[in-house]
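Asks: Right, I'll just put the structure down here and ask away after.
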Amino acid sequence: MLSHSGDRKEDASLITYADADFANDPYSQKSTTGVFCEVRAPQTQLPLSWSSKGQGPTARSTPEAELYALDHAVHHHALPLGLFWSVLLNRVVPVIAMEDNEPCISAIAKGVSRKLAYVIAKK
């Protein structure tokens, strides 16, 4: 693992990457969640946390597995780390969640999806 820092604390953001491996367990058809969090700025890269864990529910699709992974990443990594770094740096640290699945991104952006309506809470 490599870290480097060369920026002012005002430039730092917390970046959280979430990914899912849909139905990778051949017996249970459960998916796996992967998470990686780091402090990032133009001249700074500081890994903070990472995890890989099996998902509890059985996802019906890749976007659903991705939503579960993103939920885990945000609630168990990004928000606690964002609060910690905001207190440590005495300022609000932006928290950015990265997602690579287009249907998942679209559902989050719209706040609704016909195919994922049973996963996304209505407002």
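The values are calculated or read from the model by the stated rules, or taken from the named source; none is laboratory data. This structure is a prediction, so every number in the text was calculated from the model and none was measured. For neighbour counting, all protein chains shown are included, and Cβ atoms are generated from backbone atoms with ideal geometry for every residue, glycine included. What goes into the accessible areas is simple: the full protein's heavy atoms, side chains included, and nothing from ligands, DNA or RNA. Shrake-Rupley method; radii C 1.70, N 1.55, O 1.52, S 1.80 Å.
Asks: Here are Pro57, Pro63: which of them is modelled with pLDDT under 85 and within 19 Å of Ala23 (Cα to Cα)? Working first, answer last.
Replies: Numbers: Pro63 fails: modelled with pLDDT under 85.
Residue meeting the stated conditions: Pro57.
Asks: Can you tell me which residue in the stretch 13-43 is nearest to Leu79 (Cα to Cα), limited to those that are touching a Gly at 6+ places or on another chain (Cβ under 6 Å) and part of a strand (DSSP E or B)?
Replies: The first filter runs over the stretch 13-43 and keeps only residues touching a Gly at 6+ places or on another chain (Cβ under 6 Å), leaving 14, 19, 30, 32, 43.
Now drop any that are not part of a strand (DSSP E or B), which leaves 14, 19, 32.
Details: Leu14: 10, Asp19: 17, Thr32: 21 Å.
That would be Leu14.
Asks: Moving to a separate point now. From His77, His72, which residue is at pLDDT 90 or above, crowded, with 19+ Cβ neighbours inside 10 Å and over 20 Å from Lys30 (Cα atoms)? Steps first, answer last, please.
Replies: On the way: His72 fails: over 20 Å from Lys30 (Cα atoms).
Exactly one residue qualifies, and that residue is His77.
Asks: Please find, within the stretch 1-48, the residue that is farthest from Asp100 (Cα to Cα) out of those that are open to solvent by 60 Å² or more (accessible area, probe 1.4 Å) and among the small types (Gly, Ala, Ser).
Replies: By that ranking, first place goes to Ser5.
Asks: Which condition from (1) charged (D, E, K, R); (2) within 13 Å of Ala20 (Cα to Cα); (3) in contact with a strand residue (DSSP E or B) (Cβ under 8 Å, 6 or more places away or on another chain) is the one that Arg40 breaks?
Replies: Unmet condition: (2).
Asks: Is it fair to say Ser5 is at pLDDT 90 or above and within 19 Å of Arg91 (Cα to Cα)? Working first, answer last.
Replies: Details: at pLDDT 90 or above: no; within 19 Å of Arg91 (Cα to Cα): yes.
Criteria not met by Ser5.
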